[in-house]
Amino acid sequence: MKFKTLTFAATIAVLATTAVAHKGAKGMLLERMNGMLAMGKATKAIAPMMRGLEDYDADRTSDYAAILQTHSGDPMLALFPDGMNAAPSVAKDAIWTNWKEFSALAVQLETYATALDLAAQNGLGNAAPANSSMMGGDMTGMMGADMIGMMGGTGVDEKTLETLAGLSVNTLFVQSVQVCSACHTKFRAEE
Amino acid sequence: MGVVALTVAGAGGITGLRLYPVAKPVDPITLTGNVGAGAYLARASGCIACHTNVEGGGPPLAGGTGFETPFGTVFAANLTTDPEFGIGDWAIEDFAKAVRQGLSPEDVPYYPVFTYAFYQDFSDQQIADLWAAFQTVAPVNEPVPVTDLAFPFSERDGLKVWRAAFLHAPRTTPVSGQSDSWNRGRELVEGATHCAACHTERNIAGGRKVDTGRMQGNDVLPGGSKAPAITSAALVSSGWDVDSLSYALETGITPTGDAFGGGMGEVVQMGTRFLTQEDRLAMATYLMDQSDE
């Protein structure tokens, strides 16, 4: 009973926060903004574990991956029909003029989310940064391999799911949120 | 008659400014540069972020990024090794003068959108490292759009007056009694990574308010975006600490679970995520304790 009360209270709190943040949004617009909010809240909640500040729990990783999967890839793209944009949305019109890149990022996030789920049992690694190769002394020029990848449009390396699933969870987590940041940088207006 | 007199006086003033020397002599630099160290410094300094037209899908460091300022749009230069449109025909001393003094090989001042003010303390070794790294960039034989500001801002020699009033030395000098990490953070934050370029309020002439607006944020960045205050107090009140700030410089995640977009997203993606953990921690350590203010 106590649990139900707490859950209800938490739900109300989330809804209230959503209402404030997305005041005026309706229908599909509200749905996609709530999707972003859900991913942000989940990211905030799991970040301490991914940073090794809390005990690792594979189930939490899978739950987090499921949230990302729900709101990325095709489900995300379906909420961005051609030109559907209005306040309070902070989506840039560049989404539709550069749909190829936007959709690639959405799919890439889904791929990372799937990999996170597959890799959940791998646990946390030795905090190998996503771009450690750049700093490992093997950088032979200004334009290292990662840089070329970054200029390729998606902001992160293209990797197969199989390769990704072999990585540590924290590395995948970092790469996932870097996709979020790459997308926000190009396609979200700053308030 | 009055108009004629003003025109003559104005023309005389511009000619005078044109002849007024601002360049400091650059001693020959014969040091051998380290490509890796130079590429690292280039990322930290934002060379790649500003001189790559990501929005337009341009090649790395080929310039063309437009910065919409209140005075007009300034376009980032082509920094590839192309001799026609890039810096392929420069000597290392030209490069040193451009980076540390903000002057072209012909001593023409660059617009302060270029953050050379923060690079004034770069050592000859750092210049040699950067130069070595830039030599590895493939040439891109493409011009960038011409920066075309309205008069009087179109007169670059007028920037000599601006420099006299608003070009400040970077605050990179180590502070005794502080830790090595704090001082390294200070060197990066106040120098190479030039945080204050965006996060400090500017006056009507585009000069940074170094006394009253330092790290207090800026609501009118080029392109209409904003940068929040990043004084230590402001960072604390926004929920940051050394750990979360260091992590954000690697990943782009904020304490609220959001991911950086806009200019800060670019800074992380093209700059700070490539720094070492130690350097990100040093930056965060300094930012959270700018105690010499």
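Nothing in this text is a laboratory measurement; each read-out follows from the coordinates by a stated rule. Please read these numbers as outputs of a predicted model, since none were measured by experiment. Virtual Cβ from ideal backbone geometry, glycine too; neighbours counted across all protein chains shown.
All Cα-Cα separations within segment B:133-215 were binned at 10 Å from zero, giving a P(r) of 14, 29, 31, 22, 5, 0, each value a whole percent of the pairs.
Sorted largest first, the principal axis extents computed over the alpha-carbon atoms of segment B:119-266 equal 44, 38, 35 Å. Computed with the Debye formula from one identical point scatterer per Cα of segment B:119-167, without solvent, the log10 of I(q)/I(0) at q = 0.23, 0.26, 0.27 Å⁻¹ comes to -0.88, -0.89, -0.91. For B:F122, the shell of other residues with beta-carbons less than 12 Å away shows a net charge of -2, using +1 for Lys and Arg and -1 for Asp and Glu. Pairs of C-alpha atoms in segment B:180-287 farther apart than 23 Å represent 22 percent of all such pairs. The loop-placed GluC sites (Glu not before Pro) in segment B:63-114, going by DSSP, that have at most 15 neighbouring Cβ atoms within 10 Å of their Cβ come out as B:E84, B:E106. Going by Cα centres, segment B:122-178 and segment B:254-282 are how many Å apart? Cα centres, segment B:122-178 to segment B:254-282: 23 Å. The residues B:D121, B:D157, when put in order of fewest to most other Cβ atoms within 10 Å, stand as B:D121, B:D157.
Residues in segment A:46-63 carry Karplus couplings, in order, of 9, 3, x, 5, 5, 8, x, 7, 10, 4, 6, 9, 4, 5, 5, 4, 5, 4 Hz; the curve used is 6.51 cos²θ - 1.76 cosθ + 1.60 with θ = phi - 60°, and Gly or Pro positions show x. Note on chain B: Cα-Cα pairs beyond 25 Å make up 50% of the total pair count.
Amide H to amide H, with H built 1.01 Å from N, B:F75 comes under 5 Å of B:F67, B:T147, counting only residues 5 or more places away or on other chains.
Rounded, prolate or oblate: which fits segment B:76-177 when a ≥ b ≥ c are the square roots of the eigenvalues of the alpha-carbon gyration tensor, with rounded for a/c under 1.5 and prolate only if a/b beats b/c? In terms of gyration-tensor shape, oblate. Rounded to whole numbers, the Karplus 3J(HN,Hα) couplings from phi for segment B:225-235 are 8, 10, 10, x, 5, 10, 5, 4, 5, 5, 5 Hz, using 6.51 cos²θ - 1.76 cosθ + 1.60 with θ = phi - 60°, and x at Gly and Pro.
The angle between the Cα long axis of helix B:124-134 and the main principal axis of chain B comes to about 90°, on a 0 to 90 degree scale. Count Lys and Arg as plus one, Asp and Glu as minus one, and take only other residues whose Cβ is under 13 Å from that of A:E110; the net charge is then -2.
Over chain B, dividing the summed -39,500 (n - 2.57) contributions of all DSSP H runs of at least 4 residues by the number of residues returns a 222 nm mean residue ellipticity of -11000 deg cm²/dmol. Proximity of backbone amide H atoms, modeled 1.01 Å from N, is registered between B:R202 and B:K209 at under 5 Å, excluding neighbours fewer than 5 places apart on the same chain.
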